[in-house]
Number of protein chains: 2
Amino acid sequence: MNVQSETADKRKAILETTLELIRQYGLQGTPISLIAKNANVAAGTIYHYFQNKEAIITELHNVIREEMLAEMFTEKNEGKDFRSQFFSGWTNLCRYFIANPGSLIFIQQYNSAPHFKGIKKKNNKIPVDKFSEFFQSGMDNGYLKKMEYNLVASVVFGAIMATAKYHITGRFDYTDQDLCKIATIIWDGIKLQ
Amino acid sequence: MNVQSETADKRKAILETTLELIRQYGLQGTPISLIAKNANVAAGTIYHYFQNKEAIITELHNVIREEMLAEMFTEKNEGKDFRSQFFSGWTNLCRYFIANPGSLIFIQQYNSAPHFKGIKKKNNKIPVDKFSEFFQSGMDNGYLKKMEYNLVASVVFGAIMATAKYHITGRFDYTDQDLCKIATIIWDGIKLQ
DNA sequence: TGTTTCCGATTGAACGTTCATTCGGGGCGC
DNA sequence: GCGCCCCGAATGAACGTTCAATCGGAAACA
């Protein structure tokens with residue numbers, strides 16, 4: 001353990017601990033003191049690595065966004081046909097949330113309380129481009145019904161969040177096969193009949 | 001204004017004010033002091049009508065659940081065919097959330113932070129019966145694909161929440177016609193092809 | 001009718017706790 | 001000895017809740 005890796009570890013530990021605590025106690029329910037305790041770090045140390053609590057939240061949000069994008073658009077999808085790309089994109093993101101419940105809880109809470117005290121969201125924009133481009137190409141090439149992108153988005157993303165949420169909270173228990181079935185429902189809904 | 005109606009009004013004012021504040025500032029972001037101020041009531045008065053903050057939240061949750069059920073299963077749907085029942089049930093609930101953004105924000109936050117400090121959810125069960133019965137009847141009568149209820153639920157409810165959410169946050173702007181289009185996507189996904 | 005008694009409704013200051021953040025200092029590598 | 005990393009007690013604001021004090025109308029009595 002050299003100094004540099006320890007330093008890097010400390011920052012990382014703070015982020016990971018925060019995400020885990022948010023999963024358990026929610027965005028507002030995780031005080032700095034608890035983060036410090038669980039990350040084996042002093043409260044003051046946190047303020048050495050981050051400007052304030054909001055900065056931790058914002059960084060987590062950015063990290064999770066990147067991970068979500070990476071899950072949906074992996075390189076090995078490039079060659080596949082449109083339908084396969086849709087299926088693997090949908091199930092990958094859903095599996096990501098199931099495997100990383102903290103990310104789902106975080107995203108949901110972050111999006112559902114626009115005006116948390118001390119947490120102001122400046123950039124509320126979604127990288128809509130990649131998704132809308134993808135679906136647009138599906139329509140142009142005759143795979144999908146012609147319709148506005150945002151109508152499709154409601155169904156596709158809504159189902160991902162709900163499915164992962166139900167699974168995580170233990171309401172239902174979805175197998176890999178179940179995820180494919182759900183993706184099939186959606187595909188049947190959006191494909192050109 | 002006799003005494004009785006004033007008393008009833010005060011209780012109602014507290015509930016309504018709380019819901020509106022939660023819409024703006026989130027579940028954890030609305031202190032009792034602010035509720036008191038906006039409801040034109042002293043802080044102590046709130047504790048005359050409710051045991052504590054949790055009691056307000058719990059009552060709001062029950063009220064909203066009732067309203068949701070009422071929207072989905074209205075009496076004038078009784079005679080209609082299955083497809084029409086699905087359409088009006090889906091769009092009604094979606095329109096309800098769009099017309100009552102506070103209810104959507106509340107439900108989302110209530111469900112997404114299971115362990116809010118001071119807010120313990122004892123009864124996490126959904127009145128699944130009515131919904132599952134409805135979809136089961138659709139399968140038995142040959143309107144829907146044969147599949148487990150919970151797979152359908154993910155898509156149907158996920159889309160409702162996401163659609164209303166996108167509309168409320170102003171990300172997209174859904175017309176009544178758009179809601180029907182989205183319902184059509186889902187219907188095409190779950191119907192027996 | 002006028003007066004007194006009573007009691008629930010209402011108030012807002014006060015309390016104890018918890019929170020995010022600050023600060024002064026200690027230790028270690030260069 | 002200078003600069004960076006780290007500590008944890010200290011700070012003050014904000015929170016949910018309590019409580020002694022007040023209000024005002026209804027009932028009881030004269």
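Any residue at all in the range B:154-162 that's within 16 Å of A:Y149 (Cβ to Cβ), at the interface with chain A (Cβ under 9 Å from one of its Cβ atoms) and crowded, with 17+ Cβ neighbours inside 10 Å?
Checked against the condition, which is being within 16 Å of A:Y149 (Cβ to Cβ), at the interface with chain A (Cβ under 9 Å from one of its Cβ atoms) and crowded, with 17+ Cβ neighbours inside 10 Å, the range B:154-162 yields at least one hit.
Filter the range B:29-69 down to the residues that are hydrophobic (A, V, I, L, M, F, W, C), modelled with pLDDT of 95 or more and either under 21 Å from B:I160 (Cβ atoms) or not in a helix (DSSP H, G or I) (or both) and list them by number.
Across the range B:29-69, the qualifying residues are B:A39, B:V41, B:A42, B:F50, B:L60, B:V63, B:I64, B:M68.
Given the conditions (1) within 16 Å of DNA strand C (Cβ to nearest atom); (2) surrounded by 16 or more Cβ atoms within 10 Å (Cβ to Cβ), and given that A:Y47 satisfies all but one, which numbered condition is not satisfied?
(2)
Could you list, in sequence order, all residues of the range A:11-33 that are in contact with a Ser or Thr (Cβ under 7 Å, 6 or more places away or on another chain) and within 16 Å of DNA strand D (Cβ to nearest atom)?
Residues satisfying the conditions are A:T18, A:T30.
Please determine, by comparing only the residues of the range A:183-193 that are crowded, with 22+ Cβ neighbours inside 10 Å and either touching a Cys at 6+ places or on another chain (Cβ under 7 Å) or in contact (Cβ under 8 Å) with a residue 60 or more places away in the chain (or both), which one is nearest to A:I98 (Cα to Cα).
In this case the residue turns out to be A:A183.
Which residues, counting only those in the range A:167-182, are under 18 Å from B:L192 (Cα atoms) and crowded, with 21+ Cβ neighbours inside 10 Å?
The answer is A:I182, and nothing else.
In the range B:22-53, how many are more than 24 Å from B:L93 (Cα to Cα) and within 14 Å of another protein chain (Cβ to nearest Cβ)?
Looking only at the range B:22-53, we keep the residues that are more than 24 Å from B:L93 (Cα to Cα), and these are B:28-53.
Now narrow it down to the ones that are within 14 Å of another protein chain (Cβ to nearest Cβ): B:28-31, B:33-34, B:53.
Number satisfying all stated conditions: 7.
Based on this model, can you work out whether A:E75 counts as outside the structural domain of A:G138 (by TED's automatic domain parsing), surrounded by fewer than 18 Cβ atoms within 10 Å (Cβ to Cβ) and away from DNA strand D (no atom under 16 Å from the Cβ)?
Spelling it out, it is not the case that A:E75 is outside the structural domain of A:G138 (by TED's automatic domain parsing), surrounded by fewer than 18 Cβ atoms within 10 Å (Cβ to Cβ) and away from DNA strand D (no atom under 16 Å from the Cβ).
The values are calculated or read from the model by the stated rules, or taken from the named source; none is laboratory data. None of these values were measured; they are calculated from a predicted model. Don't worry about glycine lacking a Cβ; one is built from the backbone with ideal geometry, like all the others, and counts go over all protein chains shown.
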